[in-house]
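Values quoted throughout were computed directly from the atomic coordinates according to the rules given, and no laboratory measurement underlies them. The shown structure was predicted, so the numbers you read here are calculated from the model rather than taken from an experiment. For neighbour counting, all protein chains shown are included, and Cβ atoms are generated from backbone atoms with ideal geometry for every residue, glycine included.
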Amino acid sequence: MRTNRRLWWPVLTLCLGACAQPAPPAATPAPAVATPVATTPVSTTAVADAGLAIALARDAAARAAREQTLRVQKQLRERANADQEALRAAQQGNGNERCIAGQKMRRVANGWVQSGLC
């Protein structure tokens, strides 16, 4: 037990010495030197503007692609309608001619006569 007391006394003095307040600074004040700030901060508005420009460019490209798709679809619909109209005209004729079962029929005074193949 006695050896423990001998060990604690130096440890206790070391701890108390470490907790002591440091000495006050010297009485001579150091001259204040202003350090120039050489960093240029990146503006958050510049970053936001760049992001907005990218988003607008992406939106414009997507819009152009959609408009091109709509133009192509319109052309395809017009072709399909023209083909259907031509088929309908060939089958029904213009009132004086019709296509019935692969035979072109023409109206005459007393009925219909064959006038070739459709």
Residue in the stretch 108-118 that is touching a Leu at 6+ places or on another chain (Cβ under 8 Å) and surrounded by fewer than 10 Cβ atoms within 10 Å (Cβ to Cβ) present: no
Positions within the stretch 62-93 being under 30 Å from residue 107 (Cβ atoms) and either of a type outside the set (Gly, Ala, Ser) or in contact (Cβ under 8 Å) with a residue 24 or more places away in the chain (or both), in sequence order: 81, 83, 84, 85, 87, 88, 90, 91, 92
Output for the stretch 48-95, where each listed residue is surrounded by 10 or more Cβ atoms within 10 Å (Cβ to Cβ) and outside any helix (DSSP H, G or I): 93
